1. Quick check on the stretch 73-235: take the gyration tensor over C-alpha atoms, sort the square-rooted eigenvalues as a ≥ b ≥ c, and tell me if it's rounded (a/c under 1.5), prolate or oblate.
2. By average Cβ neighbour count within 10 Å, what is the ranking of 219-226, 107-114 from highest down?
Amino acid sequence: MKNLIIPPLRLLSLSIVFLLSQPVAHANVYSYMGADGSRLLTDKRMTGKNYKLIKVYKVKKLKKTVAKKSKNRHFKNNFRKASLKRRARGNGIVHGCNDKQHLSSKARAYARTIQVYSKIYGVEAELIHAIVKQESCFNEKAHSRAGAIGLMQLMPDTADMMKISDPWNPEQNIQAGVKYIGQMLSQFKGKKRFAVAAYNAGPGKVEKYRGIPPYRETKNYVKKVMAEYYRLKKQGIPSSRFALASLR
C-alpha cells in the first residue's frame, strides 16, 4: 500500500478509504498529521517530528480456516443461545422489502462496511448488496426458522468455519459472509451464478450437479440475486454517509 497525502479539505470525505485500493489488507493503517496540515495514510509506522500520529485504523483478521465440518460444539451452543435470546426480544423472521425508502436507507448504512470487506476479499460490492437484500432486506436482526441470522443469514456451521466471535454483530456478519462468497468464487473459478447457488444450497450441491442445483428455491434465489446485481452494476450501489474513494 502506497502512502497517501490527503489535503485538509478532502479529509472529511475520505474517512475510511485507506482499505479500498487493496484486494487483501490486514495490517493496521496509521493516520498522521503533517506540519503543513496535510494528512498521511500509510500501513507503516513513521518516526520523526514532521508527522504526528492521529489515529490507528485496525482491520480485524479472520483466522485461516479449512473447508470441513466444524466439531466446535461449544461455539454452536453459544450461537444457538444467542439466537434464542434474540428471538425472546422479539426479533422476527425477515419480511419483504416493500418499503423501498427504508430499504435504501438501510443499504446506505452498511455500504461502507460492504465496500471495505469486498475490497479485502476481492468480491464485487454490488454482488454483496444483492445477496444481503435477498437474504435479509438489510435487517441486521433477521433470523430464519432454520437458524440463519443477521444481514447475510449465516448458518452456525458457516459462522463457525469463518471464526466469527459474534455473528449478530453486523460488521462481523458481513465480513464472514463476504469472505465465504470469496471462497465460493475461487472454488467455482469466478462463476458468480455458481457461487451464489453455493451460498444458498451449499457448494456440495453445485459440484454434484455441475452447476445450479435443480431446486426451485435455489433457481429463484440465483435469478433474483443476479437480477439485482446487474441492476446495481448499471445504476450504482447506494452511497454511504461517508464518501468513498479509491487510493491510487
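Quick note: the coordinates plus some simple rules give every number you see, no bench work behind them. Worth saying up front: this structure is predicted, and the values here are computed from it rather than measured. Please note: Cβ atoms are built from the backbone with ideal geometry, for glycine as well, and neighbour counts cover all protein chains shown.
1. Rounded, since a/c falls under 1.5.
2. In descending order of packing, they fall as 107-114, 219-226.
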